[in-house]
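K.L.:
Take a look at the following structure, please.
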Amino acid sequence: MPMADLVSRAWLFRAGFLLLAGAVGFVQLLPLDIGPDDRVPGQELVLVVAFAWLVRRPEFVPPLLLAAVFLIADILFMRPPGLWAALVVLAGEFLRARRARLIAATFFMEWLLVAAVLLVMKVMETAMLTLSGIAHPGMDVTLMHFGLAILIYPVVVLLTERVLGLRKLHPGDWERPERVGK
């Protein structure tokens, strides 16, 4: 693929990611009464999309984009500003650093790694909120959101690969992703 096409495709996916995050945020801000938590667990969808794209084409989801999207979400949903955003960026960079290993891994191994990363993120968030004395959802809500994220990951990957055509690169397909979109 020519470099110009790759750059325009990267910007298209970034815009799509922003639109998805905005749409999910809008739905979450609607005054819907869906149960005792009164919160639509949609940020997990945005996070899972980010992780699926990071594994496939990390240059399409740069760290600054992740930080901005999740920092705005922290502010909009009145969470401690920057805590979840920082965890997302750290987890994203962890996955980005393991991209070469994930290329050869099976989907099941990829899914396990993403599940482990999500679990560590949830545990770290809960521990930090507890240590700082900030009220947080109970463990049942946290586990529900974690379980939802793990369950929708295969669906997101399937849609990402089949509908959007965003597949993992193989070692022979390496382009210079560090220069794309900069």
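Just so it is clear, none of the values below were taken in a lab; they were calculated from the coordinates. Quantities reported herein were computed from a predicted structural model and do not represent experimental measurements. Cβ coordinates were reconstructed from backbone atoms using ideal geometry, including for glycine residues, and neighbour counts include every protein chain displayed.
K.L.:
Modelling each spin label as a point 7 Å along the Cα-to-Cβ direction, I'd like the LEU32/ALA115 distance in nm, to one decimal.
P.N.:
For LEU32 paired with ALA115, the spin-label model returns 2.6 nm.
K.L.:
Among VAL123, SER8, LEU47, whose Cα lies farthest out toward the positive end of the dipole of the stretch 3-160, if unit charges sit on the beta carbon of Lys, Arg (+1) and Asp, Glu (-1)?
P.N.:
Comparing the listed Cα positions along the dipole, SER8 ranks first.
K.L.:
Provide the per-residue ³J(HN,Hα) series for the stretch 137-148, in order, calculated from phi with Karplus coefficients 6.51, -1.76, 1.60 and θ = phi - 60°, each as a whole number of Hz, with x at glycine and proline positions.
P.N.:
With coefficients 6.51, -1.76 and 1.60, one gets x, x, 5, 5, 5, 4, 5, 5, 5, 5, x, 4 Hz.
K.L.:
Between ARG99 and LEU18, how many nm apart are label points set 7 Å from Cα along the C-beta direction?
P.N.:
Each label point lies 7 Å from its Cα, and together they span 2.1 nm.
K.L.:
Here's another thing I want to ask about it. Report the label-to-label distance for MET144 and VAL7 in nanometres (one decimal), using points 7 Å from each Cα along the Cα→Cβ vector.
P.N.:
4.7 nm
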